[in-house]
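Comments concern the structure below.
The values are calculated or read from the model by the stated rules, or taken from the named source; none is laboratory data. If you're wondering where the values come from, they're calculated on a predicted model, not measured in any experiment. Heads up, the Cβs are rebuilt from the backbone with ideal geometry, glycines too, and the neighbour counts pull from every protein chain shown. For the accessible areas, the whole protein counts, side chains as well, though only heavy atoms, and no ligand, DNA or RNA atoms are used. Shrake-Rupley method; radii C 1.70, N 1.55, O 1.52, S 1.80 Å.
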Amino acid sequence: MTITLKTEGDIQLKGTIKVPGDKSISHRSVMLGAIAEGKTKVYGLLTGEDCLNTIDCFRKMGVQIKREGNYVEIDGTGFNGLKEPDEILDVGNSGTTIRLMLGILAGAPFHTCLIGDDSIAKRPMDRVARPLRQMGARIDGRKNGSFTPISIRGGGLKGIEYSSPVASAQVKSSILLAGLHAEGMTTVIEPQSSRDHTERMLKAFGCEVEIDGLKTAIRGKQALKGTTIKVPGDISSAAFFLVAGAIVPNSELTIKNVGINSTRTGIIDVLKEMGANIIIEETESGEIEPAADISIKTSNLKGIEIGGDMIPRLIDEIPIIALAATQAEGVTIIKDAEELKVKETNRIDTVVRELSKMGARIEATDDGMIIYGGTDLRPSLVDSHGDHRIGMMLAIASCLAKGETVVENSEAISISYPNFFQHLEELKS
Ligand code: S3P
């Protein structure tokens, strides 16, 4: 699908919106709800395509999941109640679904085949397959077992201590979920902290998780009990409108009920450091996940350097931060972000290529990018390359480019933010 975005005269973004539920938390609520004993109610679940794929996979393993009014109810089978699927499980575009599900399936004594779309076929699965094999799972796939289609036969796991070469919540979560069904303790040590939604949610389902700095450990054979989960708005979706509010002239907007887990708030810290007028009002201190209303006004941004421990806290926000940097005074340097190369697209390449088409001065580096600020963006024919976050970043960029910006493959946006264009139109005045 191609969308044409027209910007006539000066537009401004004003008003209040509520972004859809957090994608990471939504996936985990379905997965843990499925393997828990008893019913789980999930309020605010994201119904973007990635999460629908997670739901579909668990239905194919015999779990009943249904919408009931304003919540989704999962009738947990308990881990031993999962059934060998008759069909291949298709994760679509979702890296979180496949990597976390491999962790769960590593403990399941049956055979499962998993596939995804063309993007998933390029993304490395060895980062989870290697430790899961060490625990005892039998995993095979294309290119020496590292890429989809991938198959797994689980069961009989033993706990391990694993030092992960990458700060990845998908890797950490996959191993911890396998650890739940392993003998003894399973420990993951990360080079830097990644998002901790799995650990928080395991506790909500009644499990003990030990956290000591960069070390996270779980004792095997713990049972999960169904619970009620409230999913806050996704800060990674809010990020598009936070940046839009800061860079589109005469704008002022509020986003309600956004998740502000500190492992995810790098975007807020960066916007503050760049000089944004941003106000955070905490609404939910949240044992499981805190939330806040966030307001932002048009701001004079300045270029900054972003790297190190900050990167995992804003990894998904780098495309929209790059757009903010094109409007800042001075240069922005993003480094230590090689992980961008293995996201839904190689986001160093796609950000640089597509923003350059709109007149940005931006260079790719080995581990990030350099963005020169103060550019006037012009309309262009651009492409999401099937990457939801690239598509949304380009749509926000179009607000500053007078004329017609055409975004190809814009349907990808429904992966994480099905009503994105509706919100964009509502805020325009
Ligand atoms: C996610 C973790 C991050 C993030 C992805 C969702 C998760 O990936 O980029 O969009 O839900 O665990 P990595 O953990 O691989 O960095």
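Structure data summary
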{"item": "Answer from Ala178, Ala167, Ala239, Ala204 - the residue that is hydrophobic (A, V, I, L, M, F, W, C) and outside the structural domain of Ile120 (by TED's automatic domain parsing)", "result": "Ala239"}
{"item": "Residue satisfying condition, being part of a loop (DSSP other than H, G, I, E, B) and at pLDDT 95 or above, within set Asp10, Asp56, Asp86", "result": "Asp86"}
{"item": "The stretch 73-92: number of residues that are open to solvent by less than 10 Å² (accessible area, probe 1.4 Å) and either within 16 Å of the ligand (Cβ to nearest atom) or touching a residue at least 40 places away in the same chain (Cβ under 8 Å) (or both)", "result": "3"}
{"item": "Pairs, first not assigned by TED's automatic domain parsing to the domain that holds Ala167 and aliphatic (A, V, I, L, M) in the stretch 302-318, second within 11 Å of the ligand (Cβ to nearest atom) and open to solvent by 10 Å² or more (accessible area, probe 1.4 Å), C-beta under 7 Å, six or more apart", "result": "Ile315/Glu339"}
{"item": "Tally, over the stretch 125-145, of residues that are buried (at least 16 other Cβ atoms within 10 Å of the Cβ) and outside any helix (DSSP H, G or I)", "result": "5"}
{"item": "Residue in the stretch 154-175 that is nearest to the chain's Cα centre (by Cα), counting only those that are surrounded by fewer than 17 Cβ atoms within 10 Å (Cβ to Cβ) and away from the ligand (no atom under 15 Å from the Cβ)", "result": "Ser163"}
{"item": "Residues of the stretch 14-27 that turn out to be touching a Lys or Arg at 6+ places or on another chain (Cβ under 8 Å), away from the ligand (no atom under 11 Å from the Cβ) and open to solvent by less than 40 Å² (accessible area, probe 1.4 Å), as a count", "result": "1"}
{"item": "For Arg195: the one exception among (1) crowded, with 24+ Cβ neighbours inside 10 Å; (2) assigned to a helix (DSSP H, G or I)", "result": "(2)"}
{"item": "Tabulated pairs, the stretch 1-19, first in the same structural domain as Ala397 (by TED's automatic domain parsing), second in a loop (DSSP other than H, G, I, E, B) and open to solvent by 30 Å² or more (accessible area, probe 1.4 Å), C-beta under 6 angstrom, 6+ apart or interchain", "result": "Thr7/Lys402; Gln12/Asn250; Gln12/Ser429; Lys14/Ser429"}
{"item": "Residue within the stretch 28-46 that is closer than 22 Å to Ser410 by Cα and either at pLDDT 95 or above or within 14 Å of the ligand (Cβ to nearest atom) (or both) present", "result": "yes"}
{"item": "Meets criteria (more than 18 Å from the chain's Cα centre (by Cα) and polar (S, T, N, Q)) for Thr345", "result": "no"}
{"item": "Matching residues in the stretch 59-72 - criterion: being loosely packed, with under 13 Cβ neighbours inside 10 Å and part of a strand (DSSP E or B)", "result": "Lys66, Arg67, Glu68"}
{"item": "Residue satisfying condition, being farther than 20 Å from Leu340 by Cα, basic (Lys, Arg) and within 16 Å of the ligand (Cβ to nearest atom), within set Arg142, Arg130", "result": "Arg130"}
{"item": "Qualifying residue in the stretch 330-342 (condition: among the small types (Gly, Ala, Ser), closer than 19 Å to Phe240 by Cβ, within 16 Å of the ligand (Cβ to nearest atom) and without any contact (Cβ under 8 Å) to a residue 40 or more places away in the chain)", "result": "yes"}
{"item": "The stretch 93-124, residues that are outside any loop (DSSP other than H, G, I, E, B), open to solvent by 10 Å² or more (accessible area, probe 1.4 Å), within 16 Å of the ligand (Cβ to nearest atom) and within 17 Å of Ser146 (Cβ to Cβ)", "result": "Ser119, Lys122"}
{"item": "Contacts under 7 angstrom Cβ, first residue in the stretch 27-53 being within 21 Å of Gly103 (Cβ to Cβ) and touching a residue at least 40 places away in the same chain (Cβ under 8 Å), partner of a type in the set (Phe, Trp, Tyr) and open to solvent by less than 10 Å² (accessible area, probe 1.4 Å), 6 or more apart", "result": "Val30/Phe58; Leu32/Phe205; Ala34/Phe58; Ala36/Phe205"}
{"item": "Subset tally (residues that are within 16 Å of the ligand (Cβ to nearest atom) and of a type in the set (Ser, Thr, Tyr)) for the stretch 343-384", "result": "3"}
{"item": "Hey, Ile229 within 16 Å of the ligand (Cβ to nearest atom) and modelled with pLDDT under 95 or not", "result": "no"}
{"item": "Condition met for Gly213 (within 19 Å of Gly308 (Cβ to Cβ), small (Gly, Ala, Ser), open to solvent by 40 Å² or more (accessible area, probe 1.4 Å) and away from the ligand (no atom under 11 Å from the Cβ))", "result": "yes"}
{"item": "Looking only at the stretch 177-192, and only at residues there that are open to solvent by less than 10 Å² (accessible area, probe 1.4 Å) and among the small types (Gly, Ala, Ser), the one that is farthest from the ligand (Cβ to nearest atom)", "result": "Ala182"}
